[in-house]
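The values are calculated or read from the model by the stated rules, or taken from the named source; none is laboratory data. As the structure is a prediction and not an experimental result, all values here were calculated from the model. Reconstructed Cβ throughout: ideal geometry from the backbone, glycine too, with neighbour counts over all protein chains shown.
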Amino acid sequence: MAETPADNLTFEQALALLDEIVRQLEDGSAGLEESLAQYEQGVGLLKRCYGQLRQAEQRIQLLAGLDADGKPILKPFDHTATAEAESKEAKRPRQKSNEGEIPF
């Protein structure tokens with residue numbers, strides 16, 4: 001299989017090219033065949049970017065502490081969203097205290 005120019009792009013370059021393709025498609029000045037070709041190229045770039053992001057997530061590790069010899073203990077990064085966990089903590093009901101309340 002021959003290497004396409006998109007195979008040598010960095011993540012940032014692929015994302016910029018994808019952005020340009022989207023702009024051209026939204027402009028609507030290209031014909032049907034050219035638009036389809038751009039769309040297919042965009043789908044390929046999108047898959048490439050998602051793949052690169054998945055690989056980056058797998059490389060991230062968290063420092064969990066130090067062992068007895070002072071070497072770092074690493075654990076895999078949990079890539080699940082933390083915003084949901086934080087919002088659940090914020091929604092916990094508060095314990096009511098009747099001390100010092102003013103009945104207004």
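Yes/no matrix, rows are residues, columns are (1) over 13 Å from the mean Cα position of the chain (by Cα); (2) of a type outside the set (S, T, N, Q):
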position: THR10; (1), (2): yes, no
position: GLN13; (1), (2): yes, no
position: LEU18; (1), (2): yes, yes
position: GLY44; (1), (2): yes, yes
position: ALA56; (1), (2): no, yes
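Given the residues ALA37, ALA14, which is the only one that is more than 30 Å from ASP78 (Cβ to Cβ), surrounded by 12 or more Cβ atoms within 10 Å (Cβ to Cβ) and out of contact with any strand residue (DSSP E or B) (no Cβ under 7 Å at 6 or more places or on another chain)? Explain how you work it out, then say what you get.
Values: ALA14 fails: more than 30 Å from ASP78 (Cβ to Cβ).
Checking each option against the conditions leaves just ALA37.
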Failed condition for GLN52, given (1) surrounded by fewer than 13 Cβ atoms within 10 Å (Cβ to Cβ); (2) out of contact with any Leu (no Cβ under 8 Å at 6 or more places or on another chain) | (1)
Identify the residue in the stretch 74-86 that is exposed (fewer than 11 other Cβ atoms within 10 Å of the Cβ) and of a type in the set (A, V, I, L, M, F, W, C) and, among all such residues, is modelled with the highest pLDDT.
-> ALA81
